[in-house]
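The values are calculated or read from the model by the stated rules, or taken from the named source; none is laboratory data. The structure displayed is predicted, hence computed values, not measured ones. Note that we place each Cβ from the backbone using ideal geometry, even for glycine, and neighbour counts take in every protein chain shown. Surface areas here come from the heavy atoms of the whole protein model, side chains and all, with no ligands, DNA or RNA. Shrake-Rupley method; radii C 1.70, N 1.55, O 1.52, S 1.80 Å.
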Amino acid sequence: MTALLLSWGTGDQAAVNQLIPLVHDELRRIARRCMAGERAGHSLHASALVNEAYLRLVDLQHVNWQNRAHFLAMSARLMRRILVDVARSKGYQKRGGGAVRVTFDDALAVTDERGEDLVALDDALRTLAGVDERKARVIELRFFGGLTVEETASVLQV
């Protein structure tokens, strides 16, 4: 897998085609983990999140992939960015910007709270990164990427 990552990093697109089947299950695991906190009826599902991440990964040129853990960490970061982008765009797409629409029917609770939580979490991670970049990366790798302590240490080279 590391050899395929290194080949891809030098521009070998055939290596990507060989790599994706090897990491597909792990990418789905990361996507399910990222989606776990999302509201029911979210416009993206885990498989769609994997597909969107795949499309963005394929567009990357000349990345210096270090190993499997580095690839998975970058994939987790990319999936988080996709979800944050979707949550932010939903707030802007609705009439009234960030206004939350509710019905008069008390039996039906309509909320975008999960998307707002994700945006708030992203803002908090950005603030933490301003204070301590490494702590923000650890949270991102462990929470979103599901990496072990050892894998996180490998990615951070500590």
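List of remarks:
- Taken one residue at a time, the phi angles of the stretch 20-36 give Karplus couplings (6.51, -1.76, 1.60, θ = phi - 60°) of 4, x, 6, 10, 4, 4, 5, 5, 5, 4, 5, 4, 4, 5, 5, 7, 4 Hz. Gly and Pro are set to x.
- Seen from Leu60, the other residues with C-beta closer than 14 Å to its C-beta sum to a net charge of 0, counting Lys and Arg as +1 and Asp and Glu as -1.
- FRET efficiency for the pair Val63 and His24, taken as 1/(1 + (r/R0)^6) with r the Cβ-Cβ distance and R0 = 22 Å, rounds to 0.70.
- Ranked packing of 117-123, 53-59, 68-74, 28-34, most packed first, by mean Cβ within 10 Å: 68-74, 28-34, 117-123, 53-59
- The figure for Ser7 is an accessible area of roughly 40 square angstrom, using a 1.4 Å probe on the protein chains alone.
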